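Right, one structure below, let's go through it.
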Amino acid sequence: MPVPSPDTQSPGAQPRAAQSPDARLTETLRRVWGFREFLPLQREAMAAVLAGRDSLLVLPTGGGKSLCFQAPALLTEGLAVVVSPLISLMKDQVDGLAGQGVPAAFYNSSLDAGERAAVERALAGGALRLLYVAPERLAGDGSAGFLDLLERAGVAFFAVDEAHCISQWGHAFRPEYRLLGGLRERFPEASVHAYTATATPRVRHDIVEQLRLRDPEVLVGSFDRPNLTYRVFPRSDLAARLKTVLARHHGEGGIVYCNSRKQVESLAARLADWGSRAVAYHAGLDGDTRSRRQEAFAREEVDVVVATVAFGMGIDRSNVRFVVHAGAPRSIEHYQQETGRAGRDGLPAECVLFYSPADFAAWRGLLESGGEWDEHARRLLNAMQRFAAATRCRHRQLLEYFGETCAGSDCAACDWCLGELELVAEPVVLAQKILSCVVRLEQRWGMGRLVDVLRGRGSDKITAAGHDRLSTFGLLAELSIGELRGYVDQLLDGGFLRQAGREYPVLQLTDQGAELLRGRAECRLYRQERPRKVKAKTAKRPAAAEDWAGVDLELFEALREVRLDIARERKVPPYVVFHDSVLRDMARYRPATPADLLEIRGVGEKKAQDPGPRFLDLIARWGTGT
Ligand code: ADP
């Protein structure tokens, strides 16, 4: 329901004279959302909105961006207009706000004439604090009447969500976003604020430019997601390992990303055979089926979605406990975005990447045939390959990729730091064999030839070049292509080799590689074929370890049932009722009254009154054993 009922209390209508902006924000955060602290950069981002200074906020998925425009919207004179690319997302956000007692609505093509008129009336009457719209509403043909309406309502600020959609350098370019620059002239008094999880400087620059932000406050947060545990495996025994991952997360939400529709269908069928509540999702399914399945996942009626990257932007299920990639994505940006959908509630979650050299060859083929195989695409793909093969902390690698430095040496939340990777016994000897073959090939050949020569694969081309007569021919005949490539990737990542040349990258030794070849440097390599058994450890940083301490798990499950009932009655996804973290605290502290409920992080005044008591009833009955 897009328009709040008349009895909805307006949280903006509280007395707030003589309070500093910061105090007002703190008070609003606590009263409406039940949050006692700001997440990193939230305070600064909200202050910029209140000060009417344009801003760009870059935070990873789950970093709490929405609140940065929602909370100030309750404290500014005038309307907050939120530009969002997806209709399904709008509805969930508006439902969520309604649950907190915040008057918000959306205005898009899913509304019928009557609903549209109701929103228009609410706008004219000044009854709304936030209005969600699609970008095309604000620009181009047919938008004039709507813009007049906004002008009369008085716009305090525009919040452009998923702002990277404006950039061709991002991974989700939406041409409609380009038109938003025009808002500047039309609403000179309103400030413009952009929000994105895409961190690359190029995209950032594009956003500032295209939206014509004026002297914006640019806030870029840390991209570390300490609650995510990263693991990487060669794909050789996908089935067995995937089964283990699913077993670790039985009954929990997860996404399995595949690179092709065919793989989606076959894996989804297999998961169903194994007893998972799993569905397939890809762009080949009709729109109805897709939205039904997405909805079922959001409502926790299915646990696992096996999907292509078509499944993504619109999902806001915060308790996704695992994201599996059954094949390598085409860039670290994609990987970050997709794994970022795990653990948005801040609780531990697991990200498992299965890869094979074939994935990268397939991407290359696909990008070539689509005319997209340029320097940029190649660099992104190479970086992804390097990430998969690297022998370093995965958190550190990701952070460094996005230009951050990383404090600390042990993340305790990746296969490397958890000690799950097995080291090669004599890495220097293995590395020297590979490096010397690069030298024998006169540093003029690429990965494919190097691997063929080392494995001793004869072919006419190899004979013609005389490479079958090299002393290194067949030196590593016992290794599979995948293993050998993995070791070469590790040497690339370690800085012992580099790739040079544009169209046909050739392998060359770096100074460090030359030292290693002479036995004057050390290296470590991890085995590409890994033992089957992985200890079922997940992130165990102090915060994560406490997450389930003292929680009555049975009560937690029972509370989930209550939540599911309420979600069904109100036709909203369960997380809109309460997040998992709230249920967990209920099952830990067993609140008895609405006032007790307010002590829990994530419960505001409205929800403590409704639907809080339904949970209190269950807890009370639980306590007496009935
Ligand atoms: P993003 O849009 O950056 O992906 P969201 O706005 O969806 O992130 O927020 C992610 C989660 O963090 C949500 O569950 C939200 O309720 C929670 N959250 C936001 N701000 C706070 C805060 N100050 N304290 C605790 N939790 C918060």
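The values are calculated or read from the model by the stated rules, or taken from the named source; none is laboratory data. The structure presented is a predicted model; accordingly, all values stated were derived computationally and were not measured. Please note: Cβ atoms are built from the backbone with ideal geometry, for glycine as well, and neighbour counts cover all protein chains shown. Quick note on the areas: whole protein, heavy atoms, side chains included, nothing else; ligands and nucleic acids left out. Shrake-Rupley method; radii C 1.70, N 1.55, O 1.52, S 1.80 Å.
Side notes on the structure shown:
- The largest-to-smallest principal axis extents of the Cα set in segment 228-401 are 43, 35, 29 Å.
- Over the chain, accessible surface divided per residue gives 42 Å², non-protein components excluded, 1.4 Å probe.
- Per-residue surface analysis assigns Ser110 an accessible area of about 70 Å², computed on protein heavy atoms at 1.4 Å probe radius.
- Extension gain (nm, one decimal) between Arg518 and Glu400, 0.36 nm per residue minus Cα-Cα: 39.5 nm
- Between Asp468 and Asp141, the modelled labels are 6.6 nm apart [label points 7 Å from Cα along Cα→Cβ].
- Calculation over all alpha carbon pairs of segment 21-220 in 5 angstrom steps from 0 returns a P(r) of 1, 8, 17, 21, 23, 16, 10, 4, 0 percent.
- Note on the chain: antiparallel DSSP beta bridges, both residues inside, total approximately 10 percent of the bridges counted.
- Dipole of segment 256-365, positive direction: furthest Cα of Ala358, Val320, Ala283, with charges on the beta-carbon: Ala358
- Measuring with a 1.4 angstrom probe and ignoring ligands and nucleic acids, Asp585 comes out at about 20 Å² accessible.
- The coefficient of translational diffusion for segment 46-112, derived via Stokes-Einstein from the alpha carbon Kirkwood radius under 20 °C and 1.002 mPa s, stands at 163 µm²/s.
- Pairwise centroid distance, computed over Cα atoms, of segment 158-230 with segment 555-626, Å: 36 Å
- At q = 0.16, 0.23 Å⁻¹, base-10 log of I(q)/I(0) for segment 427-517 (Debye sum, equal scatterers on each alpha carbon): -0.56, -1.19
- Cα-based helix-to-principal-axis angle, 481-493 vs the chain, degrees rounded to 10: 70 degrees
- Assuming charge only on the beta carbon of Lys and Arg (+1) and of Asp and Glu (-1), the dipole of the chain about its Cα centre is about 1280 debye to the nearest 20.
- For the set Ser20, Ser143, the ranking by accessible area, highest first and with no ligand, DNA or RNA atoms included, is Ser20, Ser143 under a 1.4 Å probe.
- Among Ser369, Val160, Ile207 the positive-end extreme of the charge dipole of the chain (Cβ point charges): Ser369
- Translational diffusion of segment 78-191, µm² s⁻¹ [Kirkwood Rh, Cα pairs; Stokes-Einstein; 25 °C; 0.890 mPa s]: 170 µm²/s
- Taken over the chain, the alpha-carbon convex hull comes to 171 cubic angstrom per residue.
- With distances taken between every two different alpha-carbon atoms, segment 543-603 has a Kirkwood hydrodynamic radius of 12.0 Å.
- Degrees between helix 42-51 axis and first principal axis of the chain (Cα, 0 to 90, nearest 10): 50 degrees
- Principal-axis tilt of helix 261-273 within the chain, Cα atoms, nearest 10 degrees: 80 degrees
- For the chain, with all protein chains in place and a probe radius of 1.4 Å, 50% of the accessible heavy-atom surface sits on carbon or sulfur.
- Centre-to-centre, using Cα atoms only, segment 42-78 and segment 106-139 are separated by 22 Å.
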